[in-house]
1. Under 7 Å by Cβ, and 6 or more places apart or on different chains, what pairs join a residue from the stretch 157-186 that is aliphatic (A, V, I, L, M) with one that is outside any strand (DSSP E or B)?
2. Looking only at strands (runs of 3 or more DSSP E) that lie completely in the stretch 138-236, which have at least 1 residues being among the acidic types (Asp, Glu) and either at negative phi or surrounded by fewer than 16 Cβ atoms within 10 Å (Cβ to Cβ) (or both)?
3. Checking residue 109 against (1) closer than 24 Å to residue 120 by Cβ; (2) buried (at least 16 other Cβ atoms within 10 Å of the Cβ): exactly one of these is not met. Which one?
4. With the requirement that a residue be surrounded by fewer than 13 Cβ atoms within 10 Å (Cβ to Cβ) and either among the β-branched types (Val, Ile, Thr) or in contact (Cβ under 8 Å) with a residue 40 or more places away in the chain (or both), what does the stretch 63-94 give you?
5. Exactly one of these conditions fails for residue 57: (1) in a strand (DSSP E or B); (2) over 22 Å from residue 231 (Cβ atoms); (3) touching a residue at least 40 places away in the same chain (Cβ under 8 Å). Give me its number.
6. Given the conditions (1) at pLDDT below 95; (2) more than 25 Å from residue 230 (Cβ to Cβ), report the number of the one that residue 48 does not fulfil.
Amino acid sequence: MKRTILTLLLLLTLSPAMTLRAQDSESLYTGWAAGLQLGVGGMIPTGSLGDALKGCAVFTGGVTGEYNRLRLKVDASYSQPSFKNENPYDVRDELGRNLQRNATASATSLGVGITLGYTVWRQGRVSVTPNAGVNFNRLSWDMNTIKWTADDEGEVRPQIDDVTDVHENSTGFTASVDFDILTGGKFVDVGGNSHYTSSVRVTPFITHAGYSNWSPKASGNWIGVTVSYAGLFRFLRR
């Protein structure tokens, strides 16, 4: 009986100290964090956008800022989707012959996405953060101007008359979900003392894009997924 009472008294004595240490550990962090992410993935177009372009690989990189569960990301993306239509502006002569043709099979796509997210679930080494925001995209490629002329035998053939740079811009919504899997961490001396964590980030996403100058107009969503390395400095209280 005495042993039981002594054990209970000892646990009651240690319990506040253990709670205090846990609280002290949590209070070491300011809630602020900053870092970067770099990844690769793939995406496919939907809607009429899928009638004009093919799916492709995508490379991404950007920066992250966090405060507690809020997450602000700025990401840049690079891809080269291939054309399905050799004359996207449908420029033709009175006989229906193409007066324009793509000089390259693929376009260069550069995008910048700005999203705000909130971590809704965090358990052990895994966290889940939905994001939503806006994406700015610029599609660039070379276009041939075609001239139909008769050769020495009198047969009319297409010839390249000129080559011009063509650009199309698109602005649309983007939404994604970050699944972060913590892979490591260490204390480093950056911005005062901070705790650096590294994670594998799997991000399925959907991004709207449209090009109203094309004929027919192309509009739809890019649906894809990226796998990234994410490094984050979590700042500690001084």
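1. 163/103; 181/125; 182/125
2. Per the criteria, 156-189.
3. Looking at each condition in turn, residue 109 falls short on (1).
4. 90, 93
5. With (1) in a strand (DSSP E or B); (2) over 22 Å from residue 231 (Cβ atoms); (3) touching a residue at least 40 places away in the same chain (Cβ under 8 Å) applied to residue 57, the lone miss is (3).
6. Evaluating residue 48 over (1) at pLDDT below 95; (2) more than 25 Å from residue 230 (Cβ to Cβ) leaves (1) as the failure.
The rows are residues; the columns are (1) closer than 21 Å to residue 207 by Cβ; (2) touching a Lys or Arg at 6+ places or on another chain (Cβ under 8 Å); (3) free of Cβ contacts under 8 Å to residues at least 12 places away in the same chain.
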site	(1), (2), (3)
101	no, no, no
104	no, no, no
112	yes, no, no
117	yes, yes, no
121	no, no, yes
127	no, no, no
131	yes, yes, no
134	yes, no, no
137	yes, no, no
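The values are calculated or read from the model by the stated rules, or taken from the named source; none is laboratory data. Remember, it's a predicted structure, so these values are computed and weren't measured experimentally. Cβ: placed from backbone, ideal geometry, glycine included. Neighbour counts: every protein chain shown.
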